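Notes for the one structure printed next.
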Amino acid sequence: MEKNTCTDCIKDETARALWEVGNTIRCIPDELWDKPCGGMPLWKHVYHMLHSLDQWYINPRVYTQPPFHTENLNSLDILGNGHLTRNEITRYFENVQKKITAYDDSLSDSVLLEKPENCEWTRFTLIMAQHRHLHTHMGIIMGFIIEYSGEWPKTLGLERNIPEQDTGKGIFF
């Protein structure tokens, strides 16, 4: 991708980050999905990460919860009720990915320093904050996968191409 604008860079880095998220989710062994990791089942770590990305990347002040969301389902401080299956998380991730990709495609450099409706932060601040938050939680989730399985989910860096074929299975190094 030619990167002549800030929005070109955002689109490329976000596409890479989202590929890594999907790959990491696919790399979670089935037997680790419900296992407590840091006091919470691993699926809840994944949902927390995706929910934050969904709510905060575009505009946290104009946001509708996903239809399956219940109070505290996204909280890593409260175990609470509820459970999400791998299929539910995968569908949610796919929806978030489509939503963010469409949003990124609508951006131009001229709007990055503007604040979305009813929001106190600029679009650029929200995007950068979510990249930071996303990769903090990606590191935690990847650490649990590595500790449990001994395998490292593949990452892309700046030089690797985003794989075009989706086998439905996670790709490890």
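Taken together, the values in this text are just the output of simple stated rules run on the coordinates, not laboratory data. What you are looking at is a predicted structure, and each value in this text was computed from that prediction instead of being measured. Neighbour counts are summed over all protein chains in view; Cβ atoms, including those assigned to glycine, are modelled from backbone coordinates with ideal geometry.
One residue stands out among those in segment 57-68 that are more than 11 Å from the chain's Cα centre (by Cα) and buried (at least 17 other Cβ atoms within 10 Å of the Cβ): the one that is farthest from Met128 (Cα to Cα), which is Pro66. Note on segment 75-93: among residues that are touching a helix residue (DSSP H, G or I) at 6+ places or on another chain (Cβ under 8 Å) and not in a loop (DSSP other than H, G, I, E, B), the one that is nearest to Ile28 (Cα to Cα) is Arg86.
If you go through segment 122-157 and pick out every residue that is part of a loop (DSSP other than H, G, I, E, B), of a type in the set (A, V, I, L, M, F, W, C) and in contact (Cβ under 8 Å) with a residue 60 or more places away in the chain, you end up with 1.
When Asn72 is tested against (1) under 27 Å from Gly143 (Cα atoms); (2) under 19 Å from the mean Cα position of the chain (by Cα); (3) not in a loop (DSSP other than H, G, I, E, B), just one condition goes unmet, and that condition is (3).
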